[in-house]
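Here's the structure, in structure tokens; my notes come after.
The values are calculated or read from the model by the stated rules, or taken from the named source; none is laboratory data. Keep in mind that what you see is a predicted model, and the values were worked out from it rather than measured. Note: ideal-geometry Cβ built from the backbone for every residue, glycine included; neighbour counts use all protein chains shown. These accessible areas exclude ligands, DNA and RNA; they are computed on the full protein's heavy atoms, side chains included. Shrake-Rupley method; radii C 1.70, N 1.55, O 1.52, S 1.80 Å.
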Amino acid sequence: MVHVEIRAEELFAIGPLIVTNSMVGALLASAILLFAARWFTRRSGIVPSRAQSIIELPIEFLAGIVRGTGGTRWRQFAPLVLAIFLFVLTANWLSLLPGVGTIGFAEEVEGKKVIVPFVRAAAADLNFTLGLALISFVSFVAFGLRANGLRGYLKELLVAEPAYMTPLLTPIHLISELSRVISLSMRLFGNVFAGEVLLATMLALTTATIFILPLAFVIPGVFIGLELLFGLVQALVFALLSMTYITLAIAEHREHGSDEHPSGESPEQGAAPAHGAA
Amino acid sequence: MGPDQGSDDGAPPPNWGVAFDLGLRLGISVILGVGGGLLLDNWLHTSPIFTLIGMVLGIGAAMYTIWDVAKQSMRR
């Protein structure tokens with residue numbers, strides 16, 4: 001019987017490091033991307049082959065969006081956004097391969113024999129999505145710091161517009177900032193985990209109808225097709241939200257600069273140092 | 001500061017990523033406020049003072065998020 005646990009299952013331990021099946025999924029996705037990048041950089045040409053075009057298609061699609069919404073500094077964060085997109089996309093689609101989530105070792109849980117899979121969708125583990133969300137959070141804070149300077153950034157974060165409202169608005173602002181990390185991580189985790197549960201349920205249901213062959217193949221096929229779409233959408237949403245946060249962190253400074261100085265190029269007040277990232 | 005508000009290569013796509021984000025952030029803001037308040041109350045044995053304060057702050061943070069997103073969208 002296939003079962004899906006909300007917690008990633010432990011496979012083995014290397015000293016204090018516990019290796020879970022979702023970690024194996026994430027490592028496999030990284031390995032696939034590394035090999036693909038190596039292959040791609042060696043074989044890519046100015047006139048793309050068919051395989052090269054297929055690989056370039058999603059990259060060019062997202063690069064177009066980043067170029068369109070990322071402002072003039074889009075080149076600074078485009079690699080990060082593209083890397084997040086490709087990593088999440090590979091991890092999501094990897095989980096749809098035959099054997100992932102279904103081949104493992106048998107274990108007895110509460111008197112029932114269940115399969116503990118060797119590989120599990122990386123994003124079906126909150127640790128993975130939270131880690132990615134933290135990378136995204138640190139990035140947009142870093143870009144904000146770079147554009148604003150430490151003083152300007154802290155002023156933006158901690159000091160409210162009418163100064164007497166600061167004690168009330170600062171915790172509200174901090175909660176709002178923190179909610180970004182949690183929303184990023186929970187959305188990806190929730191969607192991918194729900195997809196895993198849905199697929200497991202559909203497989204279990206159609207096992208009963210194994211003698212009606214069209215049903216046994218068509219129903220899981222439909223849901224796997226849907227999961228392909230959801231995997232793409234979730235990767236896109238995660239990458240685009242990271243980009244939006246970074247763009248806003250940079251734009252906030254520009255707008256403040258343009259409010260105070262029409263040229264926006266040389267804020268002279270000590271609280272808002274000059275642009276760090278040219 | 002015109003150049004950074006859009007693209008030179010085409011019309012900027014709608015900022016729909018923020019819309020995806022907004023709904024979830026509203027709920028999370030309230031949960032964070034109330035959760036933080038509950039933790040503080042359990043720690044300091046002051047129930048329900050910090051829970052109420054946390055709830056007010058959480059709801060405030062949710063409203064602030066809406067205001068912030070609307071402000072950013074209008075500036076764009």
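Laid out as a table, the results:
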{"read-out": "Calculated diffusion of segment A:120-202, Stokes-Einstein form, Kirkwood radius summed over Cα pairs, 4 °C and 1.567 mPa s, µm²/s", "value": "88"}
{"read-out": "Solvent-accessible area per residue for segment A:10-277 (1.4 angstrom probe, square angstrom)", "value": "52"}
{"read-out": "Cβ-based net charge around A:Met23, under 12 Å, with every Lys or Arg adding one and every Asp or Glu removing one", "value": "-2"}
{"read-out": "Within 10 Å of each Cβ in A:244-250, the average number of Cβ atoms from other chains", "value": "3"}
{"read-out": "Those lysines that a straight Cα-Cα span of less than 24 Å connects to B:Lys71, excepting residues fewer than 8 apart in one chain", "value": "A:Lys155"}
{"read-out": "Area accessible to solvent at A:Trp93, 1.4 Å probe radius, in Å²", "value": "100"}
{"read-out": "In range of the label at A:Val222: residues from segment A:181-199 whose backbone nitrogen is under 19 Å from the point 7 Å along Cα→Cβ", "value": "A:195-199"}
{"read-out": "Relative contact order [Cα under 8 Å, 6+ residues apart], segment A:10-277, whole percent", "value": "24"}
{"read-out": "Furthest towards positive pole of dipole, A:Thr69, A:Leu157, A:Phe35, structure part chain A, Cβ charges", "value": "A:Phe35"}
{"read-out": "Inter-chain shielding of A:235-241 (mean C-beta neighbours from other protein chains, 10 Å cut-off)", "value": "3"}
{"read-out": "Solvent-accessible surface ranking, highest first, for A:Tyr245, B:Tyr64 at 1.4 angstrom", "value": "B:Tyr64, A:Tyr245"}
{"read-out": "Carbon/sulfur fraction of accessible area - segment A:10-277, other protein chains in place, 1.4 Å, %", "value": "71"}
{"read-out": "Heavy-atom accessible surface that A and B bury in contact, both chains counted, 1.4 Å, Å² to 100", "value": "2900"}
{"read-out": "Choice from A:Met165, A:Met186, A:Met23 with maximal GNM fluctuation in chain A (Cα, 10 Å cutoff)", "value": "A:Met165"}
{"read-out": "Quotient of Cα Rg and 2.2 N^0.38 Å for the protein assembly as shown, N being how many residues it contains", "value": "1.14"}
{"read-out": "Karplus (6.51, -1.76, 1.60) ³J(HN,Hα), θ = phi - 60°, over segment A:213-218, in Hz, Gly and Pro reported as x", "value": "3, x, 5, 5, 9, 6"}
